[in-house]
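Participant: Would you mind keeping the following structure in view while I ask a few things?
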Amino acid sequence: MQTLLDRERFDDADAVVRALQPAYPVYCLRPHVIDAAARHFVAHMPGDTLYAMKCNPHPRVLSAVSEAGVRSFDAASLPEIAQVMGLSRGNEACYMNPVKPPGAIATAARDYGVRVVSADHAEEVVKIAAEIPDPAATTVAVRIATPGTEAEMDLSGKFGAAPGEAARLMRLVAEHGMRPGIAFHVGSQCRSPAAYTRALDQVGSVISEAGVRPACVDIGGGFPAPYGSATPPLADFADAVRSALDGLDLPGDCRIMAEPGRAIVAQGMSLLVQVHLRAGRRLYINDGVFGSLGEVSIVGLRPPARVVRPTGPAPAAETQVYEIAGPTCDSVDMIPEAFELPADIATGDWIEIDCMGAYSNALASRFNGFDPCTFVEVGDPPPCS
Ligand SMILES: Cc1ncc(COP(=O)(O)O)c(C=O)c1O
């Protein structure tokens, strides 16, 4: 259950603390920040923007994205497709999980009008051809593997065909009377515009080897969020994509698609947690690796954080790096050198962790009965921007 507290918007996290004194984690949603990021992405990036809803599927996030004009969604499962199509009849869901359960493609096409799917194995192409009602109206984007070395998270370890195989798959799609497209994901939190240039060069080689007209080129997601360290502006990524696309000999009706997740929502939500015990440089807090901080732990992201102490002395200017211990009984639930915070942080203080809109609530479990599920709206800019 993900609750959005039914009350007026709070000004900021300090106001949330004053009103609720929460001993549980609270997601502070900033729909206005998501709106601005989505509009910025659409304005800069060539082609159609699909929001990768896996990144944060909270209903208020989806409505903010959609109010910003993004009506197409990259979905990975039938429940995601059902959620997004239930929001508005005008939405489009694309089923971009390269391996889908038997029967799911037929349901997606018949019940939700899905017309764009992905595949990276011949068996999946054959499965799609057998299940879809209207082959000529269906685009199958063949996912290619990219080196992924310039991203924090390689997303080609499990998915993506090698170039020669991808060309063969595009031909197979065409032989089954469907529309062949091509897709890649350079990896998440990719700080290098050149990674998109190289992937699009690969796309060009696959298309010419396949000898088919591509119905779409999907450049995936991966665009970075500013977790404290410098990232190139989105305009640099858009320029790289635009000039690489210009170098490809694509038909005029080839649909260009991007599937950003993190770049649209990361700054649109912070996480408010409380220190339940301080032991030297270790802070025991009420959220952790099995909750909202799984990605912070696995990937080693270090989002900026600040102390929220609306009453009492102002936090010390001197800072230290702290280890975090989450609320569960598992020793895995610890993050060494997690956050730099004031030297005088104490039991009972709150911490606002910035840039927590991506892969936080989406990944949280209910292990040991800890279920981060409270959302409020706040109206201030991202706290550490
Ligand atoms: C197919 C696909 N598209 C888009 C995304 C979104 O990636 P990001 O959040 O890095 O933009 C993902 C993330 O896993 C993905 O698997």
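The values are calculated or read from the model by the stated rules, or taken from the named source; none is laboratory data. Treat the numbers as computed from the prediction; the structure is a model and nothing was measured. Heads up, the Cβs are rebuilt from the backbone with ideal geometry, glycines too, and the neighbour counts pull from every protein chain shown.
Participant: Just one of the numbered conditions (1) surrounded by 17 or more Cβ atoms within 10 Å (Cβ to Cβ); (2) within 16 Å of the ligand (Cβ to nearest atom); (3) farther than 30 Å from P226 by Cα; (4) under 23 Å from the mean Cα position of the chain (by Cα) is not true of Y112; which one?
Facilitator: Of everything listed in (1) surrounded by 17 or more Cβ atoms within 10 Å (Cβ to Cβ); (2) within 16 Å of the ligand (Cβ to nearest atom); (3) farther than 30 Å from P226 by Cα; (4) under 23 Å from the mean Cα position of the chain (by Cα), Y112 misses just condition (2).
Participant: While we're looking at this one, here's another question. Please enumerate the residues belonging to region 261-313 that are of a type in the set (V, I, T) and within 16 Å of the ligand (Cβ to nearest atom).
Facilitator: Across region 261-313, the qualifying residues are I264, V265, V296, I298, V299.
Participant: Any chance you could count how many residues in region 207-238 are in contact with a strand residue (DSSP E or B) (Cβ under 6 Å, 6 or more places away or on another chain) and either part of a helix (DSSP H, G or I) or outside the structural domain of R179 (by TED's automatic domain parsing) (or both)?
Facilitator: 0
Participant: Restricting to region 43-74, and then to whatever is assigned to a helix (DSSP H, G or I) and more than 16 Å from the chain's Cα centre (by Cα), can you tell me which residue is nearest to the ligand (Cβ to nearest atom)?
Facilitator: So the residue we want is H44.
Participant: Here's another thing I want to ask about it. Name every residue in region 29-42 that is within 15 Å of the ligand (Cβ to nearest atom) and in contact with a helix residue (DSSP H, G or I) (Cβ under 7 Å, 6 or more places away or on another chain), in order of residue number.
Facilitator: Result: I34, A37, A38, H40, F41.
Participant: In region 75-91, how many are surrounded by fewer than 19 Cβ atoms within 10 Å (Cβ to Cβ) and assigned to a strand (DSSP E or B)?
Facilitator: Residues flagged as surrounded by fewer than 19 Cβ atoms within 10 Å (Cβ to Cβ) and assigned to a strand (DSSP E or B) within region 75-91 amount to 0.
Participant: Still on this model: List, please: which pairs have Cβ atoms under 7 Å, are six or more places apart or on different chains, and start with a residue in region 335-348 that is in contact (Cβ under 8 Å) with a residue 60 or more places away in the chain and end with one that is of a type in the set (G, A, S) and in a strand (DSSP E or B)?
Facilitator: Qualifying pairs under 7 Å: none.
Participant: Here is a further query. Spot the failing condition for V186; the list is (1) out of contact with any strand residue (DSSP E or B) (no Cβ under 8 Å at 6 or more places or on another chain); (2) aliphatic (A, V, I, L, M); (3) in a loop (DSSP other than H, G, I, E, B), and only one is missed.
Facilitator: (1)
Participant: Is there a residue being over 19 Å from G220 (Cα atoms) and in contact (Cβ under 8 Å) with a residue 12 or more places away in the chain anywhere in region 48-55?
Facilitator: no
Participant: Among the numbered criteria (1) out of contact with any Lys or Arg (no Cβ under 9 Å at 6 or more places or on another chain); (2) away from the ligand (no atom under 15 Å from the Cβ), which one does P214 miss?
Facilitator: Failing condition for P214: (1).
Matching residues to (1) in contact with a Phe, Trp or Tyr (Cβ under 7 Å, 6 or more places away or on another chain); (2) of a type in the set (S, T, Y); (3) more than 23 Å from C254 (Cα to Cα); (4) not assigned by TED's automatic domain parsing to the domain that holds A183:
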{"site": "A52", "(1), (2), (3), (4)": "no, no, no, no"}
{"site": "P57", "(1), (2), (3), (4)": "no, no, yes, no"}
{"site": "P101", "(1), (2), (3), (4)": "no, no, yes, no"}
{"site": "V114", "(1), (2), (3), (4)": "yes, no, no, no"}
{"site": "A119", "(1), (2), (3), (4)": "no, no, no, no"}
{"site": "E123", "(1), (2), (3), (4)": "no, no, yes, no"}
{"site": "A137", "(1), (2), (3), (4)": "no, no, no, no"}
{"site": "V142", "(1), (2), (3), (4)": "no, no, no, no"}
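Participant: Let me ask you something else. Quick one: which strands (runs of 3 or more DSSP E) sit completely within region 239-335 and have at least 1 residues that are out of contact with any Asp or Glu (no Cβ under 6 Å at 6 or more places or on another chain) and not aliphatic (A, V, I, L, M)?
Facilitator: Counting at least 1 such residues, we get 255-258, 269-279, 282-285, 319-325.
Participant: Given the options P372, P381, name the one that is in a loop (DSSP other than H, G, I, E, B) and more than 19 Å from G326 (Cβ to Cβ).
Facilitator: Testing whether each residue is in a loop (DSSP other than H, G, I, E, B) and more than 19 Å from G326 (Cβ to Cβ) leaves just P381.
Participant: Name every residue in region 95-109 that is away from the ligand (no atom under 16 Å from the Cβ) and among the polar types (S, T, N, Q), in order of residue number.
Facilitator: Matches in region 95-109: T107 only.
Participant: What pairs can you find where one residue is in region 69-89 and among the basic types (K, R), the other is not in a strand (DSSP E or B), and their Cβ atoms are less than 8 Å apart, with a gap of 6+ or different chains?
Facilitator: These pairs meet every condition: R71/S88; R71/G90; R71/N91.
Participant: Next question. Quick one: is R168 assigned to a helix (DSSP H, G or I), among the basic types (K, R) and touching a helix residue (DSSP H, G or I) at 6+ places or on another chain (Cβ under 9 Å)?
Facilitator: yes
Participant: Which of the residues belonging to region 130-158 are at pLDDT 95 or above and surrounded by 19 or more Cβ atoms within 10 Å (Cβ to Cβ)?
Facilitator: Of everything in region 130-158, those that are at pLDDT 95 or above and surrounded by 19 or more Cβ atoms within 10 Å (Cβ to Cβ) turn out to be E131, I132, T138, T139, V140, A141, V142, R143, I144, A145.
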